[in-house]
Amino acid sequence: MRACHREISGAALAVFLLAFFPVFPALRSLAIGAAPDSASSLIQQAQRQFDSGDYSRAVTTLQSAVALAPSSAGAFYWLGRSYYEIRDYDTSIAQLQKAISLDSQNSLYHQWLGRAYGGKADKERSFSAARKVKSEFEAAVQFDPKNIPARRDLEEYCMDAPWIVGGNKDESAAQVTAIAALDPLEGHLARAAFDWGALKKPDLADAEYRQVLAASPHHIESYFEAADYWVSQNKPQDAAAAVEAAAKVSPSDPRLAYYRGVTQVLSGADSGGAETLLKSYVASTPDRSDWPSHASARYWMGRLDEAQDKRTDAAEQYRAALQLNPGLKDARTRLQNLEKASH
């Protein structure tokens, strides 16, 4: 299951896994939209700032682009993406709505508007925002039936959401079938998420992920999704195997440090190495919604300290994780247990 690193729970749902899928280069170029050369140059500059994690500067650059090209849907789209990353969901929604008003049938714009509504729904526990998540994901799929990430978002929303806001496991299963018809490998990933999330059958999910790895996919995200699942099942050896297979696809991917650190914490092996890896990940990567969060890395550092009976250090890491993401339930529970034990 896409352990979204957007550790969004409850109504945001499909987004929690929100964003394990990066924006593919072809889609990225399409997202720029029609704009004068000067505005297009600014949008490209903003994308570089976005990729480096400098979201505030990207916003400033994009505001200049909008001033030059107020009819550029792409500029508003990237503004929406940038505000999403800094968790200003209301502003993100407003910018993405402007992008859609200029390009109403753009699947990517609707997909990210759905994710922004998901962030707002989770943050505010808003049923009205949650209902809009599904409608935007459905629009994204309607306008581009081959948009597999949008189908995954819709699958997971229908799987996880309460019925009162549109949850429907039959509709989730239908997305699994549609994804498998488009791409068998992506179908295994979608089926694994459904087997675990909807059917609560880890043995079936496990078999699907093993088929994914046996196919030797070329996209590193497939390996990371399998690793996330095995981490959630406390299977460090299987997770580590997925991570090392991922390293063969892209040896320099910065996320490898996070995943290697996590699997070492789970296995109890080379604790010094795990700490170094997790600290390196936090220090060298931007905090972005489609990668493991810095909050999650802090949580695992806390787990490491707790395993070594460094209770004060563990509590400090859990507090740091919760400051970054108050929704990390296990970090909160572990911190509360440590605080009770200290009295």
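The table below gives the values:
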{"item": "q = 0.07, 0.10 Å⁻¹, the chain: log10 I(q)/I(0) [Debye, one scatterer per Cα]", "result": "-0.29, -0.60"}
{"item": "Segment 175-239, accessible surface, carbon-and-sulfur percent (1.4 angstrom probe)", "result": "53"}
{"item": "Extension gain (nm, one decimal) between residue 332 and residue 271, 0.36 nm per residue minus Cα-Cα", "result": "19.7 nm"}
{"item": "Per-selection Rg to Rh, segment 167-309 - Cα, Kirkwood hydrodynamic radius", "result": "1.00"}
{"item": "Spin-label pair residue 210/residue 168, simplified geometry with 7 Å Cα→Cβ offset, distance in nm", "result": "3.5"}
{"item": "In order through segment 217-230: 3J(HN,Hα) via Karplus (6.51 cos²θ - 1.76 cosθ + 1.60), integer Hz, x for Gly, Pro", "result": "x, 8, 9, 5, 4, 4, 5, 5, 5, 5, 4, 4, 4, 5"}
{"item": "Tensor-based shape of segment 271-343 (alpha-carbon gyration tensor, a/c under 1.5 rounded, otherwise prolate or oblate)", "result": "oblate"}
{"item": "Normalised contact order of the chain, rounded percent, pairs of Cα under 8 Å and 6 or more residues apart", "result": "16"}
{"item": "Options 318, 143, 113, ranked by Cα towards positive dipole end of the chain, top entry (Cβ charges)", "result": "318"}
{"item": "Förster radius 22 Å - calculated FRET efficiency between residue 307 and residue 340, Cβ distance, rounded to 0.05", "result": "0.75"}
{"item": "Whether segment 95-134 is rounded, prolate or oblate, judged on the alpha carbon gyration tensor where a/c under 1.5 counts as rounded", "result": "prolate"}
{"item": "Under 18 Å from residue 146, Cα to Cα: lysines that are on another chain or at least 8 residues apart", "result": "134"}
{"item": "Paramagnetic reach from residue 57 (point 7 Å along Cα→Cβ, amide N under 15 Å) across segment 277-311", "result": "285-287"}
{"item": "Sequence-separation-based contact order of segment 245-343, relative, with Cα cut under 8 Å and 6+ spacing, percent", "result": "19"}
{"item": "Mean projected area (nm²) of the alpha-carbon convex hull when segment 244-289 is viewed from all directions", "result": "3.5"}
{"item": "Descending principal axes extents, segment 98-226, alpha-carbon based, whole Å", "result": "43, 29, 23"}
{"item": "Distance between modelled label sites at residue 283 and residue 45, nm, 7 Å Cα→Cβ extension", "result": "3.2"}
{"item": "Inter-probe distance in nm under a simple model that places probes 7 Å from Cα toward Cβ, at residue 128 and residue 64", "result": "3.8"}
{"item": "Rg(Cα)/(2.2 N^0.38 Å) for segment 146-208, N = residue count", "result": "1.02"}
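The values are calculated or read from the model by the stated rules, or taken from the named source; none is laboratory data. Keep in mind it's a predicted model, so treat the numbers as computed, not measured. Positions of Cβ are backbone-derived with ideal geometry, glycine not excepted, and every protein chain shown enters the neighbour counts. Each accessible area value is taken on the protein alone, full model and side chains, heavy atoms only, with ligands, DNA and RNA left out. Shrake-Rupley method; radii C 1.70, N 1.55, O 1.52, S 1.80 Å.
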